[in-house]
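Undergrad: Submitted below is the structure of interest, expressed as structure tokens.
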Amino acid sequence: MTVTVGVSATASGAGGRLVDGSSSMIQFLTPSGELTTAGAEHSVAPAVARGFYRDMALGRRLDTEALALQRQGELKLWLMSWGQEAAQVGSIRALSETDMVFPSYREHVAGLCRGLTPSQLLAQWRGNAHAGWDPAATRFHIYSLVLGAQVLHATGFAAAEVHRASSTGRGAEAGVVMAYFGDGASSQGDVNEAFNWAAAGRLPVLFFCQNNQWAISTPTSVQMAAPLHRRAEGFGMRAMHVDGNDVLAVHATTTLAAQHIRSGGGPVLVEATTYRRGGHSSSDDPGRYRTDAEQQLWEARDPLVRLRRHLELQGTESQFFDDVDAECAAFGASVRAECLALDEPDLDQVFRTAYAEPHTGVERERAWFAESQRPMGDRR
């Protein structure tokens, strides 16, 4: 069944509740930045909204610099988040820092919010790292380049967390596990298997779909016959549909979904309707399959512009935006410097992070690899 924001819900989640209702899209800000009726009832503190703007602006600058680095041959590939910043910032900022997140390959902005550095995010795309960060420390898993695989990983992780909490007597302290995926991945069998597994086991999974309208060159109108969030009912899950370019609505929606999961209500599917402003990747030309009119329509709904207009209407002075622009310029310089300074990785990390406990097979392979790196004359 579909759920919408209840009358007692706030954007911070305090006192929020889920109410069975229509499949109408949750929206707090109009494209021009004005508060909707729901937005006026559940507004956030100006300082919080300004923090969201800063997160989104830094994320967009990372995209700009990384794409330029790819064009200069410094990165092998880059997949842009351009246009999807609100969906990522609003959702990741609604979770606890101890909640585990499984990204796809496009959640760079969410990664920055989790404390990852530009060099960690860029290392995979430069082709010199097998794992750019420690998932256990960041609670943010490494990227999955296999379409939709991370959704199954998240569901399995949630099952393990529930078992661990139960076996140690911690009850319902398993936390929320969020899986990011796109509309294209939703057609993968793995994703639908994960839906069924999570729903049948009432696992604490928050399935967060960024529906950016295009599965590479296939539009959603061709890929699916019904809105994505309506699939949840068939699996026995709750669902929420939110304007993915409205960071305030995304934050409130994700907060309520997480509360439902923490209360033992089972998994929730959130569909965030957004738009991929750039190509599928740096090797894709969206001009070959999208019209100028469509791109202009979504440019007018840009999430960063929308939030800036809202902040200006709420009285935020221009100095704040000047300061963010200056911070983004300095950040852009650091992105370039960190990328060019990346060292060759310690390949032994592949063996150290394979299993939580020592494994004889892995240790045997580790020893073989170490021997293979020795000069020929020094080998045993």
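Undergrad: Out of the residues in the stretch 113-148 that are touching an Asp or Glu at 6+ places or on another chain (Cβ under 6 Å) and not in a loop (DSSP other than H, G, I, E, B), state the one that is farthest from ALA66 (Cα to Cα).
TA: CYS113
Undergrad: Further question on the same structure: When only residues in the stretch 10-34 that are outside any loop (DSSP other than H, G, I, E, B) and modelled with pLDDT of 95 or more count, which is nearest to GLN259 (Cα to Cα)?
TA: ILE26
Undergrad: The conditions are (1) of a type in the set (S, T, N, Q); (2) at pLDDT 90 or above; (3) within 16 Å of GLY184 (Cβ to Cβ), and THR253 fails exactly one of them. Which is it?
TA: Checking THR253 against (1) of a type in the set (S, T, N, Q); (2) at pLDDT 90 or above; (3) within 16 Å of GLY184 (Cβ to Cβ), the one that fails is (3).
Undergrad: Here is a further query. Could you run through the stretch 261-288 and say how many residues are at positive phi and basic (Lys, Arg)?
TA: Within the stretch 261-288, residues that are at positive phi and basic (Lys, Arg) number 0.
Undergrad: Take the stretch 58-97 and flag every residue that is farther than 29 Å from PHE207 by Cβ, aliphatic (A, V, I, L, M) and outside any helix (DSSP H, G or I).
TA: Hit for the stretch 58-97 is LEU75, nothing else.
Undergrad: Filter the stretch 100-125 down to the residues that are farther than 17 Å from ASP55 by Cα and buried (at least 21 other Cβ atoms within 10 Å of the Cβ) and list them by number.
TA: The answer is MET100, VAL101, PHE102, PRO103, SER104, GLN120, LEU122, ALA123, TRP125.
The values are calculated or read from the model by the stated rules, or taken from the named source; none is laboratory data. As the structure is a prediction and not an experimental result, all values here were calculated from the model. Quick reminder, even Gly has a Cβ in these numbers, built from the backbone with ideal geometry, and neighbours come from all protein chains shown.
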